[in-house]
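Q: Can you read through this structure? Questions will come right after.
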Amino acid sequence: MAYWWVNHRKTYKQEKEGGYLWSPKKNTNGYRNQFYENMKFALVGDIVFSYANGKINDVGIVKENAISCSKPKELQDFDKEQWSDDGWGIAITWRSFPKSFLPSEHCDMLTSLLPQKYSPWSVKNKGGNQGAYLAKISPDLGHFILNTQPKTWLDDLQSWISDSQLNAEEAQIEAIKQDTSLNETEREALILARRGQGRFRRNLQEIEEGCRLTGIKDSLHLIASHIKPWRDCSSSDERVDGHNGFLLSPNADHLFDKGYISFSNDGDILISSQMDRRNLAFLGCTSNQKVLGKAFTSKQKEYLAYHRENIFRSE
C-alpha cells in the first residue's frame, strides 16, 4: 500500500463529489509531467490525501487503477487553454477528516518527511508547489498526517480502509469473471493472482521491509510472494498470513516461487542443483550469498521448512 498527496486547487469540489482524480497526460507544451505520470502508479487500495485551500480535509482509497479517459464534463470550464482533453482518471472513495490538517503548522516535521524530489508542498513558501498534482509520499508522512486525528476516528478509519480494500479486490475478481476475452485457464490464473493479494500484501508489509535478495524497498517493484503457496495452504488464515511470505523483486520471486532457490533458517541462500550458475548471476543471485534484512520470525521459519521440503528443487 502506497501513500499519495494530491493538490486539488480549483477542482476540489468537483473531484471530491465525483469520487475521482483526473489529470491531463502531459503538460501544455507536450512534455511529460511526473505528477501526471504518477496517476498510472497509484494502485487499488492505496491511500490519497486531499490538499486544497491550505489544508488537508480528506483521505481517500483508490478504488480502481488509472484509466485513459476524457476530461470530466464538470471540469470542461477549467483552464480550457491549458488542459488537454486526453487524460488519466482514478476512481476514489473519499472520507472527511474530523479535524483539518494544516501543513503550515507542522513545518519542522515536514522538512524531513516531504520527498526531496517532486514534493507536493513547499515548506519555504508554505503552500502547494507550482505544477504539482499527484505526488507519492512516504509511509512515515502518511502515518504522521493520520495520527493528528482522534484515535477513535482512526480506529474506525482502519476498518473502513480494510473493508474498502477487500471490496476493491472482489470487484477486480468479478471483472475478471465477466471478461469474455479470457479463456478458463487464463481466468483462473488471474483470479488466483488477485484473490487475497490485498489482505496478504498489507499483512506482509507489516513484517517485511524490502527484497531479501536485492534490497529494493520501493513497493512499486516488489511482489508479495508466498512461502507456502496459495494452492497448498490449508486455511484462509495461512493464505493471508503476513509471516507466510516475502516482498521480492520479480527476478527473486521467479527463483523462489519456482523452487530454484530457498532460504535456510539462518539466512543462507540455498541454490538448486538444477539452476545454471551463469543464469543465476544474470538474475541477481550468487553462491554464498546471505539474505538481506532482519532475522526470520519463528512462523516464517515454519513456512520455510515447508518450502524447502516441497518447493525447493534440492536435486
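Q: Would you check if there is a residue in the stretch 233-246 being assigned to a helix (DSSP H, G or I), among the polar types (S, T, N, Q), under 20 Å from the mean Cα position of the chain (by Cα) and surrounded by 15 or more Cβ atoms within 10 Å (Cβ to Cβ)? Walk me through how you get there before you give the answer.
A: Just the residues of the stretch 233-246 that are assigned to a helix (DSSP H, G or I), to begin with: 236-240.
Applying the additional criterion that residues be among the polar types (S, T, N, Q) yields 236.
Those still in the list that are under 20 Å from the mean Cα position of the chain (by Cα) too: none.
No: the stretch 233-246 contains no residue that is assigned to a helix (DSSP H, G or I), among the polar types (S, T, N, Q), under 20 Å from the mean Cα position of the chain (by Cα) and surrounded by 15 or more Cβ atoms within 10 Å (Cβ to Cβ).
Q: If you don't mind, another one. Can you find a residue that is assigned by TED's automatic domain parsing to the domain that holds Ser225 and touching a residue at least 60 places away in the same chain (Cβ under 8 Å) anywhere in the stretch 266-282? Can you show your working first?
A: The first filter runs over the stretch 266-282 and keeps only residues assigned by TED's automatic domain parsing to the domain that holds Ser225, leaving 266-282.
If we keep only those that are touching a residue at least 60 places away in the same chain (Cβ under 8 Å) as well, we get none.
No, the stretch 266-282 has no match at all.
Q: Hey, another quick one. Thr152 passes all but one of (1) closer than 23 Å to Ile67 by Cβ; (2) out of contact with any strand residue (DSSP E or B) (no Cβ under 7 Å at 6 or more places or on another chain); which number fails?
A: (1)
Q: Follow-up question, since we're still on this one. Looking only at the stretch 164-179, which residues are among the aliphatic types (A, V, I, L, M) and modelled with pLDDT of 70 or more?
A: Result: Ala168, Ala171, Ile173, Ala175, Ile176.
Q: Could you check the stretch 247-274 and list, in sequence order, the residues that are under 17 Å from Arg308 (Cα atoms) and in a helix (DSSP H, G or I)?
A: As a first pass, look at the stretch 247-274 and keep what is under 17 Å from Arg308 (Cα atoms): 252-274.
Passing the criteria: Ala252, Asp253, His254, Leu255, Phe256, Asp257.
Q: Looking only at the stretch 21-32, which residues are crowded, with 20+ Cβ neighbours inside 10 Å and either out of contact with any helix residue (DSSP H, G or I) (no Cβ under 7 Å at 6 or more places or on another chain) or of a type in the set (A, V, I, L, M) (or both)? Give the steps one after another, and end with the answer.
A: The first filter runs over the stretch 21-32 and keeps only residues crowded, with 20+ Cβ neighbours inside 10 Å, leaving 21-23.
Within the stretch 21-32, Leu21 is the sole residue that qualifies.
Q: Another question, if that's okay. For Ser314, all conditions in the list (1) among the hydroxyl-bearing types (Ser, Thr, Tyr); (2) farther than 30 Å from Tyr3 by Cβ; (3) without any contact (Cβ under 8 Å) to a residue 40 or more places away in the chain hold save one; what is the number of the exception?
A: (3)
Q: Now a separate question. Only one residue in Val6, Val62 is surrounded by 13 or more Cβ atoms within 10 Å (Cβ to Cβ), in contact with an Asp or Glu (Cβ under 6 Å, 6 or more places away or on another chain) and of a type in the set (Val, Ile, Thr), so which one is that?
A: Numbers: Val6 fails: in contact with an Asp or Glu (Cβ under 6 Å, 6 or more places away or on another chain).
Result of the check over Val6, Val62: Val62.
Q: Pairs please, first residue from the stretch 36-50 and modelled with pLDDT under 90, second anywhere and assigned to a helix (DSSP H, G or I), Cβ atoms under 7 Å, 6+ apart in sequence or on different chains.
A: Phe41/Leu220; Val44/Ala168; Val44/Gln172; Gly45/Gln165; Gly45/Ala168; Gly45/Gly198
Q: While we're on this one: Read through the list (1) more than 20 Å from the chain's Cα centre (by Cα); (2) surrounded by fewer than 19 Cβ atoms within 10 Å (Cβ to Cβ), then give the number of the only condition that Glu170 fails.
A: Going through the list (1) more than 20 Å from the chain's Cα centre (by Cα); (2) surrounded by fewer than 19 Cβ atoms within 10 Å (Cβ to Cβ), Glu170 breaks only (1).
Residues are listed down the side, and each one gets a yes or a no for (1) in contact (Cβ under 8 Å) with a residue 60 or more places away in the chain; (2) basic (Lys, Arg); (3) over 16 Å from Ile56 (Cα atoms):
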site	(1), (2), (3)
Asn125	no, no, yes
Gly131	yes, no, yes
Ile137	yes, no, no
Ile145	yes, no, no
Thr148	no, no, no
Thr152	no, no, yes
Asp155	no, no, yes
Trp160	yes, no, yes
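Q: Can you find a residue in the stretch 140-158 that is in a strand (DSSP E or B), surrounded by 14 or more Cβ atoms within 10 Å (Cβ to Cβ) and touching a helix residue (DSSP H, G or I) at 6+ places or on another chain (Cβ under 6 Å)?
A: no
The values are calculated or read from the model by the stated rules, or taken from the named source; none is laboratory data. From a predicted model like this one, the values you see are computed outputs, not experimental measurements. For neighbour counting, all protein chains shown are included, and Cβ atoms are generated from backbone atoms with ideal geometry for every residue, glycine included.
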